[in-house]
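Novice: Please find one structure pasted underneath; my questions will follow.
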Amino acid sequence: MSLKKILITGSNGLLGSNLVQFFTHLPGYNVFLTSQRPSVNQGVGFFTQGDLLEKPFVDNLFSSIRPDIVINTVSLVNVDQCEEQPDLANQITVQTAENIALASNQNNCRLIYISTDHLFDGKKSFYSEDDSPNPVNMYGKTKLQAERKTQKYAPESVIVRTNFFGWSPLGHAPTFGEWVFNNLKEQKPMTLFTDYYFSPIEITFLAEAIQNVATSDFSGIINIAGSERCSKYEFGMKFAQICGFNPSQINPSKITQNSFKTPRQQDLSLSVEKFRKIFKKDLPNLNQSIEQTLRKNH
């Protein structure tokens, strides 16, 4: 059996690095990775350093590898930076998505674009794939544009909308889940919102679900998230309970009582019914995701 060639863009990021590790340890794959900076995934896969904004680099990368599957994780994910530097956000998120989609279509690759749950106004819960996007900030707007570029230039592509947490590579800024865990472990006080909701999934569960999608004939938009909606405060309290940490340093607050440089929506939760129906699999609840995070602690 010939190995499938999978290319992971943004391989130094939280999701990219975890996908590299996941597919490297999965039989049947040759893993290729690319990032603008030297690889944090030492000795893993076949790495090419370069700038995905440069179309000749993208074209050469694809024509030399001829990947079967491409997972595009590239985005400017700092919400405040997107608001302050919209041109940079457009370049990193939208233009790279266009370059990758064009190259994927030209080389007949199966393309999966990793999107976000920040696409809606947050006035309801459990957004489905059929709900109309209405992003409230530049991060959400550029992700929506990237989705549309991907679908325009690679019509058979898959858009994965998600919210995930897990362990990031060395040198990567701590993510929300890591920040909560570290504060609990070190008994540092933190403030978490009781009225800011999401439906996060642990990152290796997300990788497994992406692999299910990648090896199917599905195309279009699909939500892959946790099956359970919770507030940021409930997330922290559940982490404390499962880890056996003292939750008393978690201070409740309301997002409506705080002012931010960047507009925030109050509810990011996604419905995962479509995934369950198509793939006949349940996605994890919050307990399962946190327990998986602890098993993967390194």
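The values are calculated or read from the model by the stated rules, or taken from the named source; none is laboratory data. Computed from a predicted model, the values in this text were never measured in an experiment. Because the Cβ atoms are built from the backbone with ideal geometry, glycine has one as well, and the counts that use them run over all protein chains shown. Remember, those area values only see protein heavy atoms, side chains included, never the ligands or the DNA or RNA. Shrake-Rupley method; radii C 1.70, N 1.55, O 1.52, S 1.80 Å.
Novice: Under 7 Å between Cβ atoms, at least 6 apart or on separate chains: pull out the pairs that start in the stretch 281-293 with a residue that is within 13 Å of ILE203 (Cβ to Cβ) and end on any residue that is surrounded by 17 or more Cβ atoms within 10 Å (Cβ to Cβ) and of a type in the set (D, E, K, R).
Specialist: If the second residue must be surrounded by 17 or more Cβ atoms within 10 Å (Cβ to Cβ) and of a type in the set (D, E, K, R), the pairs left are PRO284/GLU202; SER289/GLU202; ILE290/LYS238; GLN292/GLU202; THR293/GLU202.
Novice: Another one. Can you tell me which condition GLY226 does not meet? The list is (1) part of a helix (DSSP H, G or I); (2) within 24 Å of THR162 (Cβ to Cβ); (3) open to solvent by less than 30 Å² (accessible area, probe 1.4 Å), and all the others hold.
Specialist: (1)
Novice: Quick one: would you say LEU88 is modelled with pLDDT of 95 or more, surrounded by fewer than 23 Cβ atoms within 10 Å (Cβ to Cβ) and under 14 Å from the mean Cα position of the chain (by Cα)? Show your work before the answer.
Specialist: Numbers: modelled with pLDDT of 95 or more: yes; surrounded by fewer than 23 Cβ atoms within 10 Å (Cβ to Cβ): yes; under 14 Å from the mean Cα position of the chain (by Cα): no.
No, not satisfied.
Novice: Follow-up question, since we're still on this one. Those residues that are without any contact (Cβ under 8 Å) to a residue 60 or more places away in the chain and open to solvent by less than 20 Å² (accessible area, probe 1.4 Å), I need them from the stretch 40-73; list them, please. Give the derivation first.
Specialist: Here is the first cut: in the stretch 40-73, the residues without any contact (Cβ under 8 Å) to a residue 60 or more places away in the chain are 42-64.
Matches in the stretch 40-73: GLY50, LEU52, VAL58, LEU61, PHE62.
Novice: Exactly one condition in (1) within 18 Å of GLN91 (Cα to Cα); (2) free of Cβ contacts under 8 Å to residues at least 60 places away in the same chain is not met by GLY13; state its number.
Specialist: Tallying (1) within 18 Å of GLN91 (Cα to Cα); (2) free of Cβ contacts under 8 Å to residues at least 60 places away in the same chain, GLY13 fails exactly one: (2).
Novice: Looking at the stretch 178-213 only, could you name the residues that are open to solvent by 10 Å² or more (accessible area, probe 1.4 Å) and part of a strand (DSSP E or B)? I'd like the intermediate steps shown before the answer.
Specialist: First pass over the stretch 178-213, keeping only residues open to solvent by 10 Å² or more (accessible area, probe 1.4 Å): 178-179, 181-183, 185-189, 191, 193-197, 204-205, 208, 211-212.
Of everything in the stretch 178-213, those that are open to solvent by 10 Å² or more (accessible area, probe 1.4 Å) and part of a strand (DSSP E or B) turn out to be THR191, PHE193, TYR197.
Novice: Residue check, ALA146 against (1) part of a helix (DSSP H, G or I); (2) open to solvent by 10 Å² or more (accessible area, probe 1.4 Å), all met but one. Which one?
Specialist: (2)
Novice: Tell me, which residue of the stretch 142-175 that is aliphatic (A, V, I, L, M) and touching a residue at least 12 places away in the same chain (Cβ under 8 Å) is nearest to ALA103 (Cα to Cα)?
Specialist: ALA154
Novice: Go through the stretch 15-39 residue by residue and tally those that are open to solvent by 70 Å² or more (accessible area, probe 1.4 Å) and over 26 Å from GLU98 (Cβ atoms). Write out each step before concluding.
Specialist: At the first step, the residues of the stretch 15-39 found to be open to solvent by 70 Å² or more (accessible area, probe 1.4 Å) are 21, 25, 27, 36-38.
Checking the rest, the ones that are also over 26 Å from GLU98 (Cβ atoms) come to 21, 25, 27.
Final tally of qualifying residues: 3.
Novice: Scan the stretch 96-106 residue by residue and report those that are in contact with a strand residue (DSSP E or B) (Cβ under 9 Å, 6 or more places away or on another chain) and either more than 22 Å from LEU14 (Cα to Cα) or not polar (S, T, N, Q) (or both). So that I can check it myself, show each step before the final result.
Specialist: To start, the set of residues in the stretch 96-106 that are in contact with a strand residue (DSSP E or B) (Cβ under 9 Å, 6 or more places away or on another chain) comprises 96-97, 100-101, 103-105.
Answer for the stretch 96-106, where residues must be in contact with a strand residue (DSSP E or B) (Cβ under 9 Å, 6 or more places away or on another chain) and either more than 22 Å from LEU14 (Cα to Cα) or not polar (S, T, N, Q) (or both): ALA97, ILE100, ALA101, ALA103, SER104, ASN105.
Novice: State whether the residues of the stretch 239-261 include one that is open to solvent by less than 50 Å² (accessible area, probe 1.4 Å) and in a loop (DSSP other than H, G, I, E, B).
Specialist: No, the stretch 239-261 contains no residue that is open to solvent by less than 50 Å² (accessible area, probe 1.4 Å) and in a loop (DSSP other than H, G, I, E, B).
Novice: If we scan the stretch 282-296, do we find a residue that is of a type in the set (Gly, Ala, Ser), open to solvent by less than 30 Å² (accessible area, probe 1.4 Å) and touching a Ser or Thr at 6+ places or on another chain (Cβ under 9 Å)?
Specialist: So far as the stretch 282-296 goes, no, none of its residues is of a type in the set (Gly, Ala, Ser), open to solvent by less than 30 Å² (accessible area, probe 1.4 Å) and touching a Ser or Thr at 6+ places or on another chain (Cβ under 9 Å).
Novice: List the pairs whose first member sits in the stretch 214-239 and is more than 15 Å from GLN288 (Cα to Cα), whose second member is in a strand (DSSP E or B) and open to solvent by 50 Å² or more (accessible area, probe 1.4 Å), and whose Cβ atoms are under 6 Å apart, counting only residues at least 6 apart or on separate chains?
Specialist: Qualifying pairs under 6 Å: SER231/TYR197; TYR233/PRO252.
Novice: Now for a separate question. Residues of the stretch 1-10 being in contact (Cβ under 8 Å) with a residue 60 or more places away in the chain and aliphatic (A, V, I, L, M), which ones? Please lay out each step first, then the result.
Specialist: As a first pass, look at the stretch 1-10 and keep what is in contact (Cβ under 8 Å) with a residue 60 or more places away in the chain: 4-10.
ILE6, LEU7, ILE8 - these are the residues of the stretch 1-10 that are in contact (Cβ under 8 Å) with a residue 60 or more places away in the chain and aliphatic (A, V, I, L, M).
Novice: If you take the residues in the stretch 127-142 that are of a type outside the set (Val, Ile, Thr) and closer than 22 Å to PRO86 by Cβ, which one is surrounded by the most Cβ atoms within 10 Å (Cβ to Cβ)? Outline the logic, then answer.
Specialist: In the first step, residues of the stretch 127-142 are kept if they are of a type outside the set (Val, Ile, Thr); the result is 127-135, 137-141.
From what is left, the residues that are closer than 22 Å to PRO86 by Cβ are 133-135, 137-141.
Numbers: PRO133: 17, ASN134: 14, PRO135: 20, ASN137: 18, MET138: 22, TYR139: 26, GLY140: 24, LYS141: 22.
By that ranking, first place goes to TYR139.
Novice: Separate question: Please tell me if PHE239 is touching a helix residue (DSSP H, G or I) at 6+ places or on another chain (Cβ under 7 Å), farther than 22 Å from ASN163 by Cα and not acidic (Asp, Glu). Working first, answer last.
Specialist: On the way: touching a helix residue (DSSP H, G or I) at 6+ places or on another chain (Cβ under 7 Å): yes; farther than 22 Å from ASN163 by Cα: no; not acidic (Asp, Glu): yes.
For PHE239, the condition - touching a helix residue (DSSP H, G or I) at 6+ places or on another chain (Cβ under 7 Å), farther than 22 Å from ASN163 by Cα and not acidic (Asp, Glu) - is not met.
Novice: From the set of residues in the stretch 91-126 that are under 25 Å from LEU270 (Cα atoms) and acidic (Asp, Glu), which is most open to solvent (accessible area, probe 1.4 Å)?
Specialist: ASP121
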